[in-house]
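All remarks here apply to the structure that follows.
The values are calculated or read from the model by the stated rules, or taken from the named source; none is laboratory data. Please read these numbers as outputs of a predicted model, since none were measured by experiment. Cβ placement follows ideal geometry from the backbone for every residue including glycine, while neighbour counts extend to all protein chains displayed.
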Amino acid sequence: MYAVSSWWGFASAADRRRLQALLQRGIRSGLCSPETPNLTELAESVDDTLFHRIMHKQVMVRVVLYDLYHLLTEWHEDITIGN
């Protein structure tokens with residue numbers, strides 16, 4: 001469920017049904033455990049875990065945002081100076 005937090009909200013009901021069917025085939029073929037939660041539960045779990053990690057590691061998020069801010073500022077200055 002790579003980057004599910006970024007695309008889950010954009011998936012239509014039909015997309016979610018197809019993904020759930022894929023997960024069910026994985027369970028039937030033995031690739032996934034029969035106790036595997038459904039797709040919605042998995043997506044919510046991943047989202048909760050991501051939120052928890054962000055809330056408890058605020059310093060890292062600030063560093064990334066700080067670096068991103070300065071990168072964009074430098075990029076904007078380069079464009080402004082170049083014109």
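Scan region 28-41 and give yes if some residue there is small (Gly, Ala, Ser), at pLDDT 80 or above and assigned to a helix (DSSP H, G or I), otherwise no. No; the residues of region 28-41 include none that is small (Gly, Ala, Ser), at pLDDT 80 or above and assigned to a helix (DSSP H, G or I). Of all residues in region 15-56 being of a type in the set (Asp, Glu) and over 16 Å from the mean Cα position of the chain (by Cα), which is surrounded by the fewest Cβ atoms within 10 Å (Cβ to Cβ)? The qualifying residue surrounded by the fewest Cβ atoms within 10 Å (Cβ to Cβ) is 35. Within region 22-39, being touching a helix residue (DSSP H, G or I) at 6+ places or on another chain (Cβ under 8 Å) and of a type in the set (Ser, Thr, Tyr) holds for 33, 36. One residue stands out among those in region 5-14 that are in a helix (DSSP H, G or I) and surrounded by 13 or more Cβ atoms within 10 Å (Cβ to Cβ): the one that is modelled with the highest pLDDT, which is 8.
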